[in-house]
Amino acid sequence: MMAVRVQSADFDLSTEMAALRAQDARIGAVVTFVGTVRDMNDGATVAAMELEHYPGMTEQALEKIVAQAGERWPLYGALVVHRVGPLAPLDQIVLVACTAAHRGEAFAACEFIIDYLKTDAPFWKKEQTPDGARWVDARVTDDAALAKWTAHRTGP
């Protein structure tokens, strides 16, 4: 199962994992990443965040990222659930989950997907701070994390 969803509603981690693992006895590893809204960013208090996207284009970009992970590692499944709309500190933003026979492939694929989501996925983030609203760009550290995947291929 390779699936991508963009939605405003929250997600339940245990429900999503049960569906991803459903009746697949080949799975020896499940790796998940859940990103949440922080109350601080770049030295400023964040009261709220809003994520915008272009429906259709965003899902297509996420599907391409997941497909690239599937080409690099022998995954049994991958899931990306990304929320959009208004969010508050502590809210879940994104879920990335990968299943494989072994942990190495699952960890690498999960990290690959989140690194690409942080830099290449067409989402626009706006934070509400005491000084007003501001758009959030990818960090230099996000670009550095992405560079390791283009510097050398990992996996098959």
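Residue farthest toward the positive end of the dipole of the chain, with Cβ of Lys/Arg at +1 and Asp/Glu at -1: which of G43, V80, W149?
W149
With θ taken as phi - 60° and the coefficients 6.51, -1.76 and 1.60, list the Karplus ³J(HN,Hα) couplings across the stretch 3-9 in order, rounded to whole Hz; mark glycine and proline as x.
For the stretch 3-9, the Karplus curve yields 9, 9, 9, 10, 8, 8, 6 Hz.
With charges set only on the Cβ (+1 for Lys and Arg, -1 for Asp and Glu), what does the dipole of the chain come to about its Cα centre, in debye to the nearest 20?
I would put it at about 440 debye.
Can you compute 3J(HN,Hα) from phi for each residue in the stretch 116-128, using the Karplus curve 6.51 cos²θ - 1.76 cosθ + 1.60 with θ = phi - 60°, rounded to whole Hz and x for Gly and Pro?
Running phi through 6.51 cos²θ - 1.76 cosθ + 1.60 with θ = phi - 60° gives 6, 4, 5, 10, 10, 6, x, 10, 10, 10, 10, 9, 9 Hz.
Percent antiparallel among DSSP beta bridges with both residues in the stretch 1-97, to the nearest 5?
70 percent
Could you state the accessible area per residue of the chain in Å², with a 1.4 Å probe and every protein chain left in place?
For the chain, the per-residue accessible area is 54 Å².
Along the charge dipole of the stretch 1-110, pointing to its positive end and built from +1/-1 on Cβ of Lys, Arg, Asp and Glu, which listed residue (P55, S14, A69) has its Cα farthest out?
Looking along the dipole axis, the top candidate is A69.
Given a cut-off of under 8 Å on Cα pairs at least six residues apart, what relative contact order in percent is computed for the stretch 1-130?
Averaging sequence separation for qualifying contacts and normalising by length gives 40 percent for the stretch 1-130.
Going out from 0 in 10 Å bins, what whole percent of all Cα-Cα distances in the stretch 76-132 drops into each bin?
All Cα pairs considered, the percentages come to 19, 42, 27, 10, 2.
Tell me, what ³J(HN,Hα) does each residue in the stretch 74-82 have, in order and in whole Hz, if you take phi through Karplus 6.51 cos²θ - 1.76 cosθ + 1.60 with θ = phi - 60° and put x for Gly and Pro?
With coefficients 6.51, -1.76 and 1.60, one gets x, 7, 8, x, 8, 9, 10, 10, 10 Hz.
Sorted by accessible area (1.4 Å probe), largest first, how do R103, R38, R134, R72 line up?
Result, largest first: R103, R38, R134, R72.
Please report, as a whole percent, how much of the solvent-accessible surface of the chain comes from carbon and sulfur atoms (probe radius 1.4 Å).
It is 53 percent, rounded to a whole number.
Taking all protein chains together and a probe of 1.4 Å, list H53, H82, H102 from the most accessible to the least accessible.
Descending order: H102, H53, H82.
What accessible surface, in Å², does a 1.4 Å probe find on E111, ignoring ligands, DNA and RNA and rounding to the nearest 10?
In the full protein context, E111 sits at about 80 Å².
At 0.36 nm per residue, and after removing the present C-alpha to C-alpha distance, how many nm does the segment from D137 to Q68 gain when stretched out fully?
So the chain would gain 22.5 nm between D137 and Q68.
Considering the zone a paramagnetic label at D10 would reach in this model (a point 7 Å from Cα along the Cα-to-Cβ line), which residues of the stretch 89-126 have amide N under 20 Å from it?
Counting only backbone N, you get 89-97.
Which value, in Å² rounded to 10, gives the accessible area of D10 with a 1.4 Å probe and all protein chains present?
Per-residue accessible area (D10): approximately 90 Å².
The values are calculated or read from the model by the stated rules, or taken from the named source; none is laboratory data. Given the structure is predicted, the values throughout are model-derived calculations rather than measurements. Using ideal geometry, Cβ is built from the backbone for each residue, glycine included, and neighbour counts are taken over all protein chains shown. The protein model used for the area step is the full one, side chains on, heavy atoms only, and it has no ligands, DNA or RNA in it. Shrake-Rupley method; radii C 1.70, N 1.55, O 1.52, S 1.80 Å.
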